[in-house]
Amino acid sequence: MSRSIRFCTALLLAAAGFAQISMPLIGYYRDRSGALRPVHGVAGAFSPGDVLQTDVLSVAWSGSEGFAKTGGELLLLDESGISRRLGAPSGPASFGFLSNGKAGWVRFADGSCRNFGADCPSDLPSPPVLRLRLPEPVEGIEQLGEGWFLARGKEVIYAVRSRPDVDEAFELPEAGQ
Amino acid sequence: MRVALLIALAPALFAAGRLELFHAPSGGAETPVAGIIDLASAPVSDSVSVRFRIRNVGDGPVTLTTFHVKGVGFSSMGAPSLPHIVAAGTNVDFTVRFSPPDYGSYSALLTVNSTTYVVRALGEAAVAVFHDGRVLAAGDTVDFGRMERGSTLKKTFEFRNTTAQPLGVGRSTLTGPQFFFPAGTPTPYLQPGDAVGFEVEFRATTSGVYKERLIIDRREFWLTATAFDPPLPRPTVVIESGAIRSGEQGRVSVRLAQRAGVKAKGTIRLEFQPSGEAKDNDTAMRFTTGARSVDFDIAEGDTVVRFGSQEALTFQAGTTTGTIVFTVEAGGFTDRASVVVAPEAVRLEKSSATRTTSSIDVRLTGFDNTRTLSGMSFTFYAANGQPLAGMPMRVPVVNAFSRWWTESKLGGVFGFHASFPVTGDISQIRAVEVEIENSSGNTRTERLTF
């Protein structure tokens, strides 16, 4: 066994093959004006990015892939932004992801579905329930990123980090002026 | 030749000036005046003034050597000192004032050089109006002064009968609701020599300059007063959060020393003084309104500034060590409060490691609020939980992070991704731990298994 360890050690490169530093992406969201934006940073230090698309109706990001829905298009998202645009029925949409974060399915407002890595479920999954009380009632909860939800209040958009033991809420700042 | 010269000079030698008297109302056309001049009547203790003009209507200069107004109750103002040369076509203005000591008919002689005019006027029986020991003439102004709106200014006046007959005040009126008689309208009847006081109050609920009239029978007096807004109470910045760390959101409010009695506008600013050599490039450090400056309105009655429906603003402390300074400016006041964001060891928000068929990927998300990251080492573990030989393995990342801090606009935030190619049986490697150093200490991940 110890020989095996030495063998592996000898083959493991002495330094990383590559290393890179970048802005951490928390996810994508629809701002108050209905525009699609990325949000970078870490919990409590959010930095909304530039508008990628206006007039967006629905957005979800799994942590590695995502969707956005406009009036007539389905946008596929990756870490660098919008990767594909597909024609789609009008109205908002619901999204599903696989457990590994890959795109799963899209259910449109007219009831039709588009399958990616999974079939549309017969019933829409129940929306997540937050384990904390926000300062104001929220109109809806969306998936902002891996372990992150977005709760849309009348005055504030809240970013809620969901951990196994507790949820933690932050105010998502407006885009920079 | 001598005859010709005399003839040539004749027009100059025989040019003569001639003075004529005109009535010259201010802003009106002048009209010639004959031998008897009737002035308007004036109440006793009041006065009437009429402006006259002496014009040289001739074609040569005239020297004014004699000028006077003689008669009880009459006086003149504005006449030049004598002698005075009045050039052809020019004029001299003066005013005759009639102030009757008692009721009755009065006359005076107005003499201009060799010409004399008779000036007549009538003194009306009327109660004199006094203020501050001085008799008021029609058109006089009494200034009540300045006051904070909502409060009251009061002035005392007095009616005096200075004539030899009993007199009454038929009508006392104040124009404008801001001035009023607190003890009712004064319309006294006074015996000769009697006096009675009355008060006028000024009260205004809105700021401004007020000018209204006090009307006593046929005489009118101006009353002026200024009401100003109360000063804004001193605003104070209150950092609700107390101590705050990088990556946290805090609350800041602006409180007033007392209830605001006036509307006002103000601004609160967030400024950052980074510690060490770090730049202020932390775009996350701002109010959640999206900016580092927020304008606000203060309403009457406020004791705390409202931002929309909120009584405090949320701010992000960002991810850079230093001092956050809040400055509020309103009503000419400035107040500041600051909070120190302490340096700390690198904080990791997310760390993960994955294994492929030929490499191991390590991803770290976090921040170094000192931006002094000086080393990163990796310890890979075998299936039996023991570290591989030669561990830990230091990876030279200092320069890369230095460049990142320079280019980034996210303060101390970073997303780090390293890939370690492996040849051989990669499944024998089961976990990794990462240790990161900065000027405030070391941070170690949990053992990341894959």
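Annotations for the structure displayed:
- Residues of the range A:136-157 satisfying the condition of being within 10 Å of chain B (Cβ to nearest Cβ) and touching an Asp or Glu at 6+ places or on another chain (Cβ under 9 Å): A:E136, A:K154, A:E155, A:V156, A:I157
- All positions within the range B:346-358 that are charged (D, E, K, R) and either within 11 Å of another protein chain (Cβ to nearest Cβ) or buried (at least 20 other Cβ atoms within 10 Å of the Cβ) (or both): B:R347, B:E349, B:K350
- Within the range B:288-313, the only residue that satisfies the criterion of being over 28 Å from the mean Cα position of the chain (by Cα) and open to solvent by less than 10 Å² (accessible area, probe 1.4 Å) is B:G290.
- Evaluation of A:S33 against (1) in contact with a Pro (Cβ under 6 Å, 6 or more places away or on another chain); (2) surrounded by fewer than 23 Cβ atoms within 10 Å (Cβ to Cβ) (one fails), failing number: (1)
Let's see how each residue does on (1) within 14 Å of chain A (Cβ to nearest Cβ); (2) assigned to a strand (DSSP E or B); (3) more than 29 Å from the chain's Cα centre (by Cα):
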| residue | (1), (2), (3) |
| --- | --- |
| B:F221 | no, yes, yes |
| B:V237 | no, yes, no |
| B:S253 | no, yes, no |
| B:G261 | no, no, no |
| B:G266 | no, yes, no |
| B:Q273 | no, yes, yes |
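- Members of the range B:413-432 that are more than 9 Å from chain A (Cβ to nearest Cβ) and open to solvent by less than 20 Å² (accessible area, probe 1.4 Å): B:A431, B:V432
- Residue that is open to solvent by 10 Å² or more (accessible area, probe 1.4 Å) and more than 12 Å from chain A (Cβ to nearest Cβ), where the choices are B:D335, B:D361: B:D335
- Residue match in the range B:106-125 (condition: at pLDDT below 90 and within 22 Å of B:V44 (Cβ to Cβ)): yes
- Among all positions in the range B:143-154, there is no residue which is surrounded by fewer than 16 Cβ atoms within 10 Å (Cβ to Cβ) and aliphatic (A, V, I, L, M).
- Selection of the range B:294-332 for residues being within 11 Å of chain A (Cβ to nearest Cβ), in contact with a Lys or Arg (Cβ under 8 Å, 6 or more places away or on another chain), of a type in the set (S, T, Y) and in a loop (DSSP other than H, G, I, E, B) yields only B:T320.
- All positions within the range A:115-127 that are open to solvent by 50 Å² or more (accessible area, probe 1.4 Å) and either in contact with a Phe, Trp or Tyr (Cβ under 7 Å, 6 or more places away or on another chain) or modelled with pLDDT of 95 or more (or both): A:N115, A:F116, A:D119
- Filter result for B:R286 (basic (K, R) and within 14 Å of chain A (Cβ to nearest Cβ)): yes
- Residue within the range B:264-276 that is more than 29 Å from A:R32 (Cβ to Cβ), modelled with pLDDT under 95 and open to solvent by less than 20 Å² (accessible area, probe 1.4 Å) present: no
- Those strands (runs of 3 or more DSSP E) lying entirely in the range A:68-153 with at least 1 residues under 25 Å from B:T365 (Cβ atoms): A:73-78, A:81-87, A:93-97, A:103-108, A:138-145, A:148-153
- Note on the range B:338-450: enclosed strands (runs of 3 or more DSSP E) holding 1 or more residues that are touching a residue at least 60 places away in the same chain (Cβ under 8 Å) and of a type in the set (V, I, T) are B:347-355, B:359-367, B:413-421, B:429-438, B:441-444.
- Filtering the range B:210-219 to residues that are more than 21 Å from B:G145 (Cβ to Cβ) and in a strand (DSSP E or B) leaves B:I215, B:I216, B:R219.
The values are calculated or read from the model by the stated rules, or taken from the named source; none is laboratory data. In this text the structure is predicted, and so the values were computed from the model without any measurement. Every residue, glycine among them, receives a Cβ derived from its backbone with ideal geometry; neighbour counts consider all protein chains shown. Remember, those area values only see protein heavy atoms, side chains included, never the ligands or the DNA or RNA. Shrake-Rupley method; radii C 1.70, N 1.55, O 1.52, S 1.80 Å.
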